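Reviewing the structure listed below.
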Amino acid sequence: MENKESAKERFLGSFLGAVNDWDKHLAEAIDSDDDPNRKKVAQEILDEQENHGNIINSGLGRETWYSNDYFINCMILDFISYAKGDLDLVNELKLIYVGKLGNPGVDAEAINMDMESEGYLIKILWEMDLNIQLISSFVSYHAYGMQIEDENEIDKLTPGLVESFLHLIDKEALLKKANEDAHVGQTDEEDPSSLRNHIASELYEASMKFLLGHEIGHHFLKHTKSNGRNIVSKFIPTDVTINQLHLDEFAADNFGFDLTIFRGKKESNKNFLLAPLIVILMLALLDKTPEEPSQTHPSMRNRYLNLLSKVSEINEQVASELQQFINFVASWINDFLHGYWKTEWWK
Ligand SMILES: [Zn+2]
């Protein structure tokens, strides 16, 4: 076993553009001549994250982080604390490294195991994380809107709702808006402690955990012994039958669900139960035919129905409420995009 490189070393050594500290990498990209204050604020946030990250990692420093991204490291630490008492699982989880990359595309992948390295490497593209943030924000407006009765208050939600959706489907608009905001020094006026924000951040945390749990599932269920596995369709490994690949995807979805919900003791948290469903909704936005399987993946429709049945095993009433909610949101999307999907695949 000695002299094998770690998953982190493998990440840094084999991916172009891989960095040790993703947030620092982003902060460095801010042009300080352009806006010195923004750079200063970014540096302050970084310092705080670094300090907090080191405290929760028993003061061992960034070298022992499970990701080059602060939030993802926190999430893997949560998984480790969920597994407390199951030493084998804890030890396996400690072999994970999640590397965030700036390459274009919306994907996450459990990288195949190899002889020269140990541990479990997961790669997540920046835009996947961003999409999870945006779908969480978009869905939070809908979820919050359903909890309030004042029509005026509901109307006030529309701009944020539409904007988060437009950013989800048009990244250029998002970048343009971010640039404009930076130049006029505009910040979001919404109170960060608002209920809507709370829903969005819970959905984000739970969705990311489900997504990471899915990739961890591919590793722990030994799907990556010979080939890497993507969250979305890509290629057909030669040594596995298509049917087996489909079964593996359901198994990985179930693993992600169980790790996030059962291990995390979130069975009574509706936002956590909703999160896996909105990850599928987000992936379906990248798929014009969510009712059709691909060679490597089952249909989004069947993945959605499988996750919904997982929720109904916990609570049938909640599963039915969430199904109605997804019906509403998916119909909203399809109307907004004038029939982007040819079928009501969510029904
Ligand atoms: Zn997968």
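Each reported figure results from applying straightforward, stated rules to the coordinates on display, with no laboratory input. None of the values given here were measured: they were computed from a predicted structure. A quick note on method: Cβ atoms are made from the backbone with ideal geometry, for glycine too, and the neighbour counts reach across all protein chains shown.
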**OP:** Can you tell me the FRET efficiency between E292 and N3 if r is taken as the Cβ-Cβ distance and R0 is 45 Å, rounded to the nearest 0.05?
**Re:** 0.45
**OP:** With 25 Å as the limit, write out which pairs from K8/K39; K40/K94; K266/K310; K94/K222 have Cα-Cα distances beyond it, or answer none.
**Re:** K8/K39; K40/K94
Original post:
Which value, in debye to the nearest 20, describes the size of the charge dipole of segment 7-128 about its Cα centre when Lys and Arg Cβ atoms bear +1, Asp and Glu Cβ atoms bear -1, and nothing else is charged?
Top reply: 180 debye
Original post:
When the Cα centres of segment 263-305 and segment 71-133 are compared, how far apart do they sit, in Å?
Top reply: 19 Å
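Cβ under 12 Å from L308's Cβ, L308 left aside: what net charge do those residues give with Lys, Arg +1 and Asp, Glu -1?
Neighbour charge sum, excluding L308 itself: 0.
Taking neighbour Cβ counts within 10 Å as the exposure measure, how do E149, E50 sort from fewest upward?
Fewest to most other Cβ atoms nearby, the residues stand as E149, E50.
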Subject >> Theoretical ellipticity at 222 nm over the chain - DSSP helices of four or more residues, -39500 (n - 2.57) apiece, nearest 500 >> reply: -19500 deg cm²/dmol
**OP:** Mind sorting R38, R10, R303 by how few other Cβ atoms lie within 10 Å of their own Cβ, fewest first?
**Re:** R38, R10, R303
**OP:** If a/c stays under 1.5 just call it rounded; otherwise compare a/b with b/c (prolate if a/b is bigger, oblate if not). Do that for segment 7-128, with a ≥ b ≥ c from the square roots of the Cα gyration tensor eigenvalues.
**Re:** oblate
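Using the beta-carbon distance between N269 and L337 and R0 = 25 Å, what value does 1/(1 + (r/R0)^6) give for FRET efficiency, to the nearest 0.05?
After rounding, the FRET efficiency stands at 0.25.
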Original post:
Exposure proxy check: E163, E44, E249 ranked by fewest other beta carbons within 10 Å?
Top reply: E44, E163, E249
Subject >> Selection from T224, S312, G61, by position along the positive dipole direction of the chain (Cβ) >> reply: T224
Original post:
When the dipole is taken about the Cα centre of the chain, and only Lys, Arg (+1) and Asp, Glu (-1) are charged at their Cβ, what size is it in debye, to the nearest 20?
Top reply: 1020 debye
Subject >> Extension reserve of the F262-L305 stretch, reckoned as 0.36 nm per residue once the Cα distance is removed >> reply: 13.6 nm
**OP:** Work out the FRET efficiency for L247 and L157 from their Cβ-Cβ distance, taking R0 = 35 Å, and round it to the nearest 0.05.
**Re:** 0.30
Original post:
Can you tell which of L307, L157, L245 shows the greatest fluctuation in a Gaussian network model of the chain with Cα springs below 10 Å?
Top reply: L157
